[in-house]
Amino acid sequence: MKLRKMGVLLAALAMAATGCRGGDTEEGDGAISAPGVSDEPCPDAVNEDNGCIYLGTISDLTQGPFAPLGVPITDAQAAFWERVNEDGGIGGYDINVTEYVRDNLYNPETHAQVYSEIEGEVLALAQTLGSPTTLAILEQMKSADVIGAPASWTSLWGFEDNILESGSSYCVDAMNGVDYFVENEDISSVMAVGFPGDYGGDAAAGAEIAAEANGIDFTDVETAPGQEAQSGAVSAIVRQDPDLVILGTGPTETAVIVGQAAAQGYQGQFLGSSPTWNPALLQSPAGPALEQLFVHVGPWGSYGTDTPGHEAMREALGEVDQPNDGYTSGWAWSYPMKAALEE
């Protein structure tokens, strides 16, 4: 069973490329003068006569909790912009998102460090993964007039002009999820289990709002990233036995929490925010428990959904080892940046 809100809510800002980074256009030739913009073609350019706009990527690519999602997000964005270039680019420029890719290890300090390394080389950020990590560079982005597409769904992004967000927030998804279970499963208690801060905390806030509105009990349990850090969360779930658990964790933590809680006798339901899921989890020891107890909520249809946008994504990516909604999100997150550059 999968619970999803269909459709992509694109919040593209009408921000011209010349307005980013304080760039300007020289009268008569249409050239843009700004960091990350070159009259020279991109490396391995699709269009040799085009200039090049460099966009930075800061993602979780190796050892952080969201690496299983960060890698396909980054791959999908590379395929997205390659498709844009094959269609002629934007305004006489090809877009390069592969030259300035950095790994944040899902660590705010690392995120800030690698952003400082590339800030002067890119016009904007094609991806900045994580809520607390992006918050670590947000003021610096504002000072330099840099815009970025987030790889996260905290409700905070709806109030930040430098962030080109897409889709519904963790808060909204959690509210909708609780309402769904109240209406369809007649639940009377809900527990939020998630990372502290603007991911797990945002989902927990939505769950609490919905619980209060529906007159049901609410409990909030924070948990740290990592497989070995979930014993407290599992114990709380088994001990308190809520009807519904809202998860705001990474895929690895999801498998541990659901699998161990089920093994200890918990028979309620889990609802996972967008970053909780990876189809590969079905091949893990927690697979049977996930199939029985876990529902995923997200802002758009999954990888195999039949829409023109999904079809374009799958065609651009070609064959992938494991269909993963990191690809779907990376593709969808790219549309607002494309709209901003076109404007």
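Hey, any hits in the stretch 296-306 for a residue that's part of a strand (DSSP E or B) and closer than 19 Å to Trp153 by Cβ?
Keep residues of the stretch 296-306 that are part of a strand (DSSP E or B), which gives 296.
Going one step further and asking which of them are closer than 19 Å to Trp153 by Cβ, we end up with 296.
Yes, the stretch 296-306 has at least one match.
When the residues of the stretch 177-209 are narrowed to those that are buried (at least 24 other Cβ atoms within 10 Å of the Cβ) and of a type in the set (A, V, I, L, M), which ends up farthest from Leu138 (Cα to Cα)?
Among those residues, the one meeting the criterion is Val190.
Scan the stretch 63-79 and give yes if some residue there is of a type in the set (A, V, I, L, M, F, W, C), touching a strand residue (DSSP E or B) at 6+ places or on another chain (Cβ under 6 Å), within 28 Å of Gln322 (Cβ to Cβ) and at pLDDT 95 or above, otherwise no. Reasoning before the result, please.
Quick first cut of the stretch 63-79, residues of a type in the set (A, V, I, L, M, F, W, C) only: 66-67, 69, 71, 73, 76, 78-79.
Keeping just the survivors that are touching a strand residue (DSSP E or B) at 6+ places or on another chain (Cβ under 6 Å) gives 73.
Subset that is within 28 Å of Gln322 (Cβ to Cβ): 73.
This time we only want the ones that are at pLDDT 95 or above, so: 73.
Yes: the stretch 63-79 contains one or more residues that are of a type in the set (A, V, I, L, M, F, W, C), touching a strand residue (DSSP E or B) at 6+ places or on another chain (Cβ under 6 Å), within 28 Å of Gln322 (Cβ to Cβ) and at pLDDT 95 or above.
Residue-by-condition table, conditions (1) out of contact with any Phe, Trp or Tyr (no Cβ under 6 Å at 6 or more places or on another chain); (2) farther than 24 Å from Asp325 by Cβ; (3) surrounded by fewer than 23 Cβ atoms within 10 Å (Cβ to Cβ):
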residue: Leu125; (1), (2), (3): yes, no, no
residue: Ile137; (1), (2), (3): no, yes, no
residue: Lys142; (1), (2), (3): yes, yes, yes
residue: Trp153; (1), (2), (3): no, no, no
residue: Leu156; (1), (2), (3): yes, no, yes
residue: Phe159; (1), (2), (3): yes, yes, yes
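State yes or no: is Thr74 closer than 26 Å to Val46 by Cα, hydroxyl-bearing (Ser, Thr, Tyr) and either assigned by TED's automatic domain parsing to the domain that holds Tyr327 or not in a loop (DSSP other than H, G, I, E, B) (or both)? Break it down into steps so the answer makes sense when it comes.
Values: closer than 26 Å to Val46 by Cα: yes; hydroxyl-bearing (Ser, Thr, Tyr): yes; either assigned by TED's automatic domain parsing to the domain that holds Tyr327 or not in a loop (DSSP other than H, G, I, E, B) (or both): yes.
Answer is yes for this residue.
Anything in the stretch 107-123 that is surrounded by fewer than 18 Cβ atoms within 10 Å (Cβ to Cβ) and touching a Lys or Arg at 6+ places or on another chain (Cβ under 8 Å)? List them, or say none.
Matches in the stretch 107-123: Glu117 only.
Among the residues that make up the stretch 217-228, is at least one of them in contact (Cβ under 8 Å) with a residue 12 or more places away in the chain and touching a Leu at 6+ places or on another chain (Cβ under 9 Å)? Walk me through how you get there before you give the answer.
The initial filter retains those residues of the stretch 217-228 that are in contact (Cβ under 8 Å) with a residue 12 or more places away in the chain, namely 217-227.
Within this subset, residues satisfying the condition of being touching a Leu at 6+ places or on another chain (Cβ under 9 Å) are none.
No, because not a single residue in the stretch 217-228 is in contact (Cβ under 8 Å) with a residue 12 or more places away in the chain and touching a Leu at 6+ places or on another chain (Cβ under 9 Å).
Going by what's in this entry, would Val297 be described as in contact with an Asp or Glu (Cβ under 6 Å, 6 or more places away or on another chain), closer than 26 Å to Ser59 by Cβ and aliphatic (A, V, I, L, M)?
Yes: the conditions hold for Val297.
In the stretch 97-106, is there at least one residue being surrounded by 24 or more Cβ atoms within 10 Å (Cβ to Cβ), of a type outside the set (Lys, Arg) and touching a Cys at 6+ places or on another chain (Cβ under 9 Å)?
Looking through the stretch 97-106, none of the residues is surrounded by 24 or more Cβ atoms within 10 Å (Cβ to Cβ), of a type outside the set (Lys, Arg) and touching a Cys at 6+ places or on another chain (Cβ under 9 Å).
Residue by residue, here is whether (1) of a type in the set (A, V, I, L, M); (2) out of contact with any Ser or Thr (no Cβ under 8 Å at 6 or more places or on another chain); (3) in a helix (DSSP H, G or I); (4) surrounded by fewer than 16 Cβ atoms within 10 Å (Cβ to Cβ) holds:
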| residue | (1), (2), (3), (4) |
| --- | --- |
| Val234 | yes, yes, yes, no |
| Leu247 | yes, no, no, no |
| Thr252 | no, yes, yes, no |
| Ala255 | yes, no, yes, no |
| Glu315 | no, yes, yes, yes |
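The values are calculated or read from the model by the stated rules, or taken from the named source; none is laboratory data. Since we're looking at a predicted model, the values are computed, not measured. FYI the Cβ positions are ideal-geometry reconstructions off the backbone, even for glycines, and counts take in every protein chain you see.
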